Ligand SMILES: [Zn+2]
């Protein structure tokens with residue numbers, strides 16, 4: 001709103017607004033995927049055909065939304081996995097596949113599995129019966145992690161609740177990018193700030209240009 | 001009292017006539033009338049409509065005087081061509097006793113711009129737990145006939161049943177704000193594709209429709225009159241249509257904003273100055289819905305499934321609106337724009353003629369709310385409750401055209417047809433498009 005108000009001529013960076021969007025998180029996630037999947041040859045390459053599974057509280061997640069829009073732009077395929085209570089009722093209109101069963105989604109041997117945090121208040125609002133059941137159905141347990149292909153990435157935007165949505169085995173595995181995401185977040189956000197302050201054509205870039 | 005000769009007005013049936021207004025009554029209707037000493041109003045090209053009656057107005061007083069008072073809300077009503085408003089009960093203190101409803105009625109009489117009919121609360125303190133003093137309000141000097149917890153749904157089915165039965169004994173009607181509270185916890189906007197994208201908590205249509213379905217069955221079971229406030233979904237229309245076909249005594253209203261505006265405005269793109277995304281002036285309860293819903297509501301108003309238009313005029317201070325979406329208050333002002341919006345959405349589209357407009361904005365709301373002295377066709381001997389409207393005018397709506405205390409209108413910057421030129425509530429309250437000063441209108445002027 002501020003960016004479009006005409007009140008200021010500075011760039012405005014969306015650092016995460018409510019349950020709407022979190023563009024810099026999506027940028028750092030995409031950057032992390034490119035570096036891991038393409039290695040030294042990642043510069044200039046998109047994520048064409050990369051299959052990403054995002055698991056957890058989609059309906060309340062700004063990370064899920066921003067990742068969907070950016071990953072689709074880069075050519076990746078996105079599958080959301082969650083109980084129906086944690087998906088928007090209109091999720092069918094989104095350019096994503098939807099599954100309720102995590103094992104079915106993992107059986108398709110995705111390239112990336114991104115786990116989202118389950119906030120404690122969800123447990124008191126009947127989105128699911130209790131944390132044990134959530135963990136059993138939608139948590140990335142050691143057993144589920146073991147079924148993943150060797151090169152598959154395990155991602156999480158943090159902070160994690162170990163034992164609920166993700167097991168120690170998955171979080172601390174070599175496939176895990178979780179600490180790398182934190183480090184890449186610093187670099188990506190520095191780049192965003194640099195570009196928005198220096199501009200590219202003298203004009204302040206708008207929020208959408210940054211995204 | 002001055003005599004007024006309204007020359008060459010067009011009545012709703014298309015006939016042209018002169019109207020002589022004397023001593024608060026339409027003394028004569030005819031052609032070539034003259035009266036010595038009468039003030040003449042040239043109404044060539046103007047429509048003479050029966051004074052509009054709003055069944056759903058938030059006047060805010062007592063308690064909410066920062067956003068509106070009975071006086072300023074009455075002025076807004078007169079500016080919009082209204083001659084009677086029904087004041088909702090969610091004031092502070094709540095209108096749940098004879099004392100509060102008599103106070104509101106007295107303030108309305110003192111202001112003098114319109115007939116103010118207080119609505120009584122269904123439940124004490126709007127708490128939804130025990131009945132308010134319905135009998136005391138009905139038999140008070142205010143003679144309350146409409147009862148509503150509006151703003152809050154009477155959600156407990158047993159309390160709803162008892163209220164319907166009890167109000168029936170006083171020839172009253174229960175006006176239900178149909179919103180299942182458990183299905184709308186934290187709800188911010190219509191639930192659907194757009195709410196998913198914007199990340200705002202959804203307000204599902206079923207939260208409205210399921211309550212209406214329950215309540216028409218309860219009304220049938222106990223043989224009571226039920227009125228549904230501000231229908232907003234195509235599904236609600238289907239439920240009401242079914243209930244009416246079954247012979248249930250249900251009536252329904254739609255707001256002007258639900259006839260024109262859609263949820264898409266929340267994502268931006270309205271005319272400036274409301275062109276930004278998340279502009280809280282579009283936040284309202286029930287929320288703006290989809291285009292399909294808007295079209296279904298128009299069709300239902302045209303075929304009589306929806307009986308009336310009611311404004312749900314809901315003034316709010318700037319502080320309550322100029323903040324982030326989730327923190328902003330629900331509601332829009334609507335008295336000044338109701339007739340132009342109905343003109344645009346129903347008349348210009350060919351769905352209603354002007355006698356249809358008089359029905360949905362005057363005679364039917366007066367009948368449902370038992371508002372005596374209002375809703376009559378303009379005829380010799382009838383009370384002089386009427387408005388002169390210029391249907392050929394068109395203007396960009398701005399705050400200068402708002403006569404109430406608050407400016408939270410969703411129509412600012414929008415081009416709307418028509419203009420209220422004069423309003424008579426026994427005597428003029430609006431002339432030449434301007435609201436007359438209180439000393440010319442109020443209790444003192446009426447002696
Ligand atoms: Zn309401």
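Observations
- Check on residue B:180, surrounded by fewer than 19 Cβ atoms within 10 Å (Cβ to Cβ), more than 14 Å from the ligand (Cβ to nearest atom) and under 24 Å from residue B:95 (Cα atoms): no
- Enumeration of residues in region B:47-63 that are in a strand (DSSP E or B) and either within 16 Å of the ligand (Cβ to nearest atom) or under 12 Å from the mean Cα position of the chain (by Cα) (or both): B:52, B:53, B:54, B:55, B:56, B:57
- Only one entry of B:95, B:66, B:89 meets the criterion of being assigned to a loop (DSSP other than H, G, I, E, B), modelled with pLDDT of 95 or more and surrounded by fewer than 16 Cβ atoms within 10 Å (Cβ to Cβ), and that entry is B:66.
- For the residues B:136, B:178, the requirement of being touching a strand residue (DSSP E or B) at 6+ places or on another chain (Cβ under 7 Å) and more than 14 Å from chain A (Cβ to nearest Cβ) singles out B:178.
- Some residue of region B:142-150 being within 16 Å of the ligand (Cβ to nearest atom), within 27 Å of residue B:441 (Cβ to Cβ) and away from every other protein chain (no Cβ under 14 Å): yes
- Residues satisfying the stated conditions in region B:280-332, i.e. under 20 Å from the mean Cα position of the chain (by Cα) and within 14 Å of chain A (Cβ to nearest Cβ): B:281, B:282, B:283, B:289
- With a requirement of 3 or more residues that are closer than 22 Å to residue B:50 by Cβ and in contact (Cβ under 8 Å) with a residue 12 or more places away in the chain, the helices (runs of 4 or more DSSP H) lying completely within region B:293-399 that satisfy it span B:338-342, B:354-358, B:364-368.
- Qualifying residue in region B:198-220 (condition: within 23 Å of residue B:308 (Cβ to Cβ), within 13 Å of another protein chain (Cβ to nearest Cβ) and at pLDDT 95 or above): yes
- Members of region B:400-415 found to be outside any loop (DSSP other than H, G, I, E, B) and either under 17 Å from the mean Cα position of the chain (by Cα) or surrounded by fewer than 20 Cβ atoms within 10 Å (Cβ to Cβ) (or both), listed by number: B:400, B:415
- Strands (runs of 3 or more DSSP E) completely within region A:1-101 that count 1 or more residues being within 14 Å of another protein chain (Cβ to nearest Cβ) and surrounded by 15 or more Cβ atoms within 10 Å (Cβ to Cβ): A:77-81, A:97-99
- Filter result for residue B:277 (in contact with a helix residue (DSSP H, G or I) (Cβ under 6 Å, 6 or more places away or on another chain), within 14 Å of chain A (Cβ to nearest Cβ), surrounded by fewer than 24 Cβ atoms within 10 Å (Cβ to Cβ) and over 26 Å from residue B:68 (Cα atoms)): yes
- Only one of B:135, B:186 that is more than 22 Å from the chain's Cα centre (by Cα), part of a loop (DSSP other than H, G, I, E, B) and either within 16 Å of the ligand (Cβ to nearest atom) or farther than 17 Å from residue B:56 by Cα (or both): B:186
- Residue B:121 vs. criteria at pLDDT 95 or above and more than 16 Å from the ligand (Cβ to nearest atom): no
The values are calculated or read from the model by the stated rules, or taken from the named source; none is laboratory data. Keep in mind it's a predicted model, so treat the numbers as computed, not measured. Note that each Cβ is placed from the backbone with ideal geometry, even for glycine, and that neighbours are counted across all protein chains shown.
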